[in-house]
Amino acid sequence: MPEPILQMQGLDAHYGDFQALYGVDMHVEQGEVLSIIGANGAGKTTLMRSITGLLTNGPGQVRYRDHDISQLRADEIAVHGLAMVPEGRQLFPSLSVRENLMIGAQVGRSGPWDLQAVYKLFPILEERKDQASTSLSGGQQQMVAIGRALMANPDLILFDEISLGLAPIIIRDIYKALPGIIGTGMSAIIVEQDISKALSVSARVYCLQEGRVSLEGASDTVSRDDISRAYFGIE
Amino acid sequence: MDWVNALVQGMLLGGLYALFAAGLSLIFGVMRLVNIAHGDLIILAAYLGLTVTTATGLHPLAALVIVVPTMALIGYALQRGLLNQTLGDDLLPPLLVTFGLSVILQNGLLEIYTADPQKINAGALETASIAVGGLQLGVLPVLTFAVAVAVIWGLQWTFYHTSLGRAFRAVSDNQDIAQLMGLNRRHIFGLAMALALGVTAIGGILLGIRTSFDPSIGGGRLIFGFEAVIIGGLGNLWGTLAGGVILGVAQTIGAKIDPGWQVLSGHLAFLLILAIRPNGLFPRISA
């Protein structure tokens, strides 16, 4: 069995007195595409913040390859090859499209992704490269956010709610592009509320419910009934 | 001709105010930090200039080579060691801490240099003048203005054409996401403060050559700097230069009417512009 690229063991997360995650155990295999589903408030975004270092956790709770990253800062984790496409895209408004992409390369990791590769993937971005990122449509902004994460040449990429607030046709296009993006040995975690989209691109799925893992299974064998039970907590 | 002279002198004075203001504008733009100690840091730079010139015999402009990096280092250390700890959602802690810093700086300078007014000796540069179309312009004010333009241009260029400037803007936009991109905001803030105090060092030394100074005058320089920033519009460096010029012109025109009105008329011009354009004349326009 290959060594997991990312492993969470007994992960707890707190916002002040409020506990958002309770003893979450999860792992991502090398090259695997994992999806995490769950209702609003189930703890998906908290989990992303814990993995990327925007929240600090107890020692040993998050391991990336051979490193305990639970107490590192986000910028230190990024250097290890972990990148995120954040929920709501969160582009830098005072940076142009090209500058937003170049910020992604700031971690200085080498690999196949550079400006040319991103422009090849999303040609519209090259046309718009000198525009303010806020002048783009939602779908184009999502392309910038994805490109920005790719520019870091990550080994593991996190997609947080990439379909949120986008037109169905755009979502379809982006999901069509996904396998090509992560097909090159990169591991990925896809966080989604749209369950069928998440299952269609991933090999394995976890469901979160009120801060706990309520289901784990292979994306193609897990049953709809199991999912609704795990998702809503209804017997 | 007297009035034209006052106008031109005021414009040149505005260059000095723009140098005071540029550092304030920069750190507010990058980290939303209002630095109450900025004026005292200007005076600290003037005293450092004085010490370097008297100890080494260097010309004050040559002393910049030592004072600018020293102030930049102080800025980086100050930010990493103290000010970063105060930054957060609450605006009050940085205000209180920099206010305290201002008191400490003033009293520290008083202990070391006493309250006697001092001046940096720049030799012939202080009195040299050139005739331009019937006006006698001091070489020092002209030089100051030219330096201000060069500094603002340099900062603008740094902001929009270098990876450091990109990092400044990214961290200013969204600290969390910038952190995800591998930018350590604490380091970036340190660099911003270093750059700001480097600019402050230039302003401080030019101030020290132009007029006499003592440890208590920092507060006044802070107000002039603030006024220049607000008149020009927050986050716009060329606006800050324009703000400095407007303030300088208002002051010299006021002084022309009655010498006692110099500072007051600057404040009045500031209030007037604030009443008409609360966001300043040129609020944030990105290049």
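Annotations
- So B:Leu125, is it more than 14 Å from chain A (Cβ to nearest Cβ), surrounded by 14 or more Cβ atoms within 10 Å (Cβ to Cβ), within 23 Å of the chain's Cα centre (by Cα) and over 22 Å from B:Leu41 (Cα atoms): yes
- Every pair of residues 6+ apart whose Cβ atoms lie under 9 Å, when the first sits in segment A:188-199 and is farther than 9 Å from A:Glu161 by Cβ and not assigned by TED's automatic domain parsing to the domain that holds A:Ser219 while the second is among the acidic types (Asp, Glu) and surrounded by fewer than 18 Cβ atoms within 10 Å (Cβ to Cβ): none
Listed here are the residues, each with its yes/no results for (1) touching a residue at least 60 places away in the same chain (Cβ under 8 Å); (2) more than 10 Å from chain B (Cβ to nearest Cβ); (3) part of a helix (DSSP H, G or I).
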{"site": "A:Ala78", "(1), (2), (3)": "yes, no, yes"}
{"site": "A:Met102", "(1), (2), (3)": "no, no, yes"}
{"site": "A:Ala117", "(1), (2), (3)": "no, yes, yes"}
{"site": "A:Ile124", "(1), (2), (3)": "no, yes, yes"}
{"site": "A:Val144", "(1), (2), (3)": "no, yes, yes"}
{"site": "A:Phe159", "(1), (2), (3)": "yes, yes, no"}
{"site": "A:Ser163", "(1), (2), (3)": "no, yes, no"}
{"site": "A:Lys176", "(1), (2), (3)": "no, yes, yes"}
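- Scanning segment B:101-137 for residues that are among the hydroxyl-bearing types (Ser, Thr, Tyr) and within 20 Å of B:Ala37 (Cα to Cα) turns up B:Ser102, B:Tyr113, B:Thr114.
- Residue among A:Asp173, A:Asp226, A:Asp220 that is over 22 Å from A:Leu47 (Cβ atoms), touching a Gly at 6+ places or on another chain (Cβ under 8 Å) and not assigned by TED's automatic domain parsing to the domain that holds A:Ala105: A:Asp173
- Annotation for segment A:155-165: at least one member residue is farther than 28 Å from A:Arg229 by Cβ, surrounded by 18 or more Cβ atoms within 10 Å (Cβ to Cβ) and in contact with a helix residue (DSSP H, G or I) (Cβ under 9 Å, 6 or more places away or on another chain).
- Each residue in segment B:61-104 was checked for being surrounded by fewer than 16 Cβ atoms within 10 Å (Cβ to Cβ), part of a loop (DSSP other than H, G, I, E, B) and in contact with a helix residue (DSSP H, G or I) (Cβ under 8 Å, 6 or more places away or on another chain), and 1 of them qualify.
Residues are listed down the side, and each one gets a yes or a no for (1) surrounded by 14 or more Cβ atoms within 10 Å (Cβ to Cβ); (2) within 14 Å of chain A (Cβ to nearest Cβ); (3) among the aromatic types (Phe, Trp, Tyr):
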site	(1), (2), (3)
B:Leu137	yes, no, no
B:Ala148	yes, no, no
B:Val151	yes, no, no
B:Leu155	yes, no, no
B:Phe159	yes, yes, yes
B:Arg169	yes, yes, no
B:Gly182	yes, yes, no
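Here is a yes/no grid of residues against (1) more than 22 Å from A:Leu166 (Cα to Cα); (2) crowded, with 23+ Cβ neighbours inside 10 Å; (3) at pLDDT 90 or above; (4) not acidic (Asp, Glu):
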position: A:Pro2; (1), (2), (3), (4): yes, no, no, yes
position: A:Leu11; (1), (2), (3), (4): yes, yes, yes, yes
position: A:His14; (1), (2), (3), (4): yes, no, yes, yes
position: A:Met26; (1), (2), (3), (4): yes, no, yes, yes
position: A:Ser70; (1), (2), (3), (4): yes, no, yes, yes
position: A:Arg73; (1), (2), (3), (4): yes, no, yes, yes
position: A:Val79; (1), (2), (3), (4): yes, no, yes, yes
position: A:Glu87; (1), (2), (3), (4): no, no, yes, no
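The values are calculated or read from the model by the stated rules, or taken from the named source; none is laboratory data. Since we're looking at a predicted model, the values are computed, not measured. We place every Cβ from the backbone using ideal geometry, glycine too, and count neighbours over all the protein chains shown.
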